[in-house]
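Participant: Right, I'll just put the structure down here and ask away after.
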Amino acid sequence: MQREPTILTLPTVFIVVPLWLTVPFAAILGAVVGSFLGAALIRLPKGESVVAGRSRCDVCGRVLGPAELVPVFSYLVLRGRCRACQAPIDPWQFAAETGGALAGLVCALVARDAVMLGIGLVLGWQLLLLGLLDLRHMWLPDRLIGLLAASGMVPAGLAAAGDANLLAGPLLGAALGFVLLWLPGRLYRAWRGRDGLGAGDPKLLAAMGVWLGPLGVVETLLGASLIGLVAAGALMLSGKAVGLRSALPLGSCLALAGFAVYLAQN
Ligand SMILES: [Zn+2]
């Protein structure tokens, strides 16, 4: 039986807007969002509000002017220093802005339409913040992981509106993601009497499983292991790390690998 076309048709804007326009637009939007993510990265661990208060210099407290709020660009022009007190601006801010722009750029190049682009950006920017938080603070906040899972249920729910069987992928992905990292962690604790894995890692992989499905979870874990090994090797070769203990946190590797798997899936 031929099915009627679904009501959720793709927006026509993408047919009109050419790639040479969407790619820089997504990159600039990504830098702006990355600027907000950078503020979250710096303020969340201190327990400060992310939305309240204007951006100021962390050292002299001067409220930043409009020109200084332009992401990436202002950092390059001011050479990473506050214009008033010459204090270095947190390089993590620059990392978040560059990462946000890169995620936007890659998503715009890969996405087939505006809906895909939007969904990819929602995933990419969340993974960027989680990855940077784990890298900087070894911290994966439950609230952000919950948000990642909940936002993944939106496209999953829309896709399953016509066929409830399609919910099996996200649910299986979440369950498998959790078990794959929770079980080794439990076994390690039973064996050695201490934690070998971060408590947030199984939850993160579970939330990513909603987006990626069971196969994507396995691919993400393999990819993350590979990234971790390569990074650890590079750090050891450069003399910056003495052992695997000082290697990249697993959550950061998972975030990077998961985003790559998502892009490859779509
Ligand atoms: Zn200053």
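Participant: Where the eigenvalues come from the Cα gyration tensor of the chain, what are the semi-axes √(5λ) of the equivalent ellipsoid, largest first, in whole Å?
Facilitator: 31, 28, 16
Participant: Using amide H atoms built in the peptide plane, which far-off residues or other-chain residues are under 5 Å from ALA87 H to H?
Facilitator: The list, which skips near neighbours in sequence, is CYS82.
Participant: To continue, here is another question. For a test of the definition: using alpha carbon positions, the gyration tensor, and the 1.5 limit on a/c, classify the range 61-151 as rounded, prolate or oblate.
Facilitator: Oblate is the answer for the range 61-151, as a/c is 1.5 or above yet b/c matches or exceeds a/b.
Participant: Then there is this: Hey, got the dipole for the range 65-217? About the Cα centre, +1 on K and R Cβ, -1 on D and E Cβ, debye to the nearest 20?
Facilitator: Charge dipole of the range 65-217: 460 debye, to the nearest 20.
Participant: Rank-order 146-156, 198-208 by packing density, defined as the average count of other C-beta atoms within 10 Å over each peptide's residues, highest first.
Facilitator: By packing density, highest mean first, the sequence is 198-208, 146-156.
Participant: Follow-up. In debye to the nearest 20, how big a dipole does the chain give about its Cα centre with +1 on each Lys and Arg Cβ and -1 on each Asp and Glu Cβ?
Facilitator: On the way: 19 positive and 13 negative charges, 174 e Å.
The dipole magnitude comes to about 840 debye.
Participant: Right, next: Once phi is turned into ³J(HN,Hα) by the Karplus curve 6.51 cos²θ - 1.76 cosθ + 1.60 with θ = phi - 60°, what whole-Hz value does each residue of the range 37-47 show in order, with x for glycine and proline?
Facilitator: Values, residue by residue: 5, x, 5, 5, 4, 7, 8, 4, x, 8, x Hz.
Participant: At 1.567 mPa s and 4 °C, plugging the Kirkwood radius over alpha-carbon pairs of the range 151-266 into Stokes-Einstein gives what diffusion coefficient in µm²/s?
Facilitator: 86 µm²/s
Participant: What is the list of residues in the range 25-50 whose amide nitrogen lies under 17 Å from a point 7 angstrom out from the Cα of LEU76, following Cα to Cβ?
Facilitator: Of the residues in the range 25-50, 25-35 have backbone N under 17 Å from the label point off LEU76.
Participant: Name every cysteine in the chain that ends up alone, with no second cysteine's Cβ under 4.7 Å, or say none.
Facilitator: Isolated Cys, the chain: CYS107, CYS253.
Read-outs throughout are calculated quantities, based only on the coordinates presented, and are distinct from any laboratory measurement. This structure is a prediction, so every number in the text was calculated from the model and none was measured. Because the Cβ atoms are built from the backbone with ideal geometry, glycine has one as well, and the counts that use them run over all protein chains shown.
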